[in-house]
């Protein structure tokens with residue numbers, strides 16, 4: 001099962017970082033390939049994204065559920081779409097009064113034959129997307145602080 005993890009520092013208080021990462025509508029700007037996020041319930045969302053591997057683009061509609069939340073330090077979600085399961089986890093800790101360390105994990109579990117046949121490409125894409133997500137979070141939080 002492909003997974004990627006990153007730890008990075010954001011020059012902002014933990015509450016500001018949590019505010020962006022825990023708000024589905026705000027974090028839409030940070031997630032590579034995410035077109036829209038619709039809140040469907042108190043702990044559920046519909047994510048509409050484009051998953052691009054090389055010249056191939058696949059549109060995915062994923063239903064996600066928040067399974068753990070301990071603001072402003074921890075959150076975990078799981079999602080399901082046709083042919084794939086995903087899960088993500090964030091852990092935040094104060095580094096200083098104006099700095100936060102973020103640990104972010106993303107796991108994919110491809111189920112379709114198409115995605116299973118592209119496992120090495122998916123692993124590389126996952127690494128790139130997690131890195132890009134970290135850069136986007138830093139940018140969006142730091143510009144407002």
Taking 0.36 nm per residue of separation between residue 96 and residue 112 and subtracting their Cα-Cα distance, the length gained on full extension comes to 1.3 nm
Over the chain, the sum of -39500 (n - 2.57) across DSSP H runs of at least four, divided by residue number and rounded to 500 deg cm²/dmol, gives at 222 nm -8000 deg cm²/dmol
Residue 132 and residue 48 label points (each 7 Å along its Cα→Cβ direction) are spaced in nm at 1.9 nm
Among (1) 152; (2) 96; (3) 135, the value of volume of the Cα convex hull per residue in Å³ computed for this structure carries the label (2)
Applying the gyration tensor rule to the Cα atoms of region 1-50 (axes a ≥ b ≥ c; rounded if a/c under 1.5, else prolate if a/b exceeds b/c, else oblate), the class is oblate
FRET efficiency for residue 80 and residue 145 from the Cβ-Cβ distance with R0 = 35 Å, rounded to 0.05, comes out at 0.50
The Cα extents of region 34-111 along the principal axes, largest first and rounded to whole Å, are 44, 31, 22
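Bear in mind that the values in this text are calculations on the coordinates, not laboratory data. Just so you know, these numbers come straight off a predicted model, no measurement behind them. Note: ideal-geometry Cβ built from the backbone for every residue, glycine included; neighbour counts use all protein chains shown.
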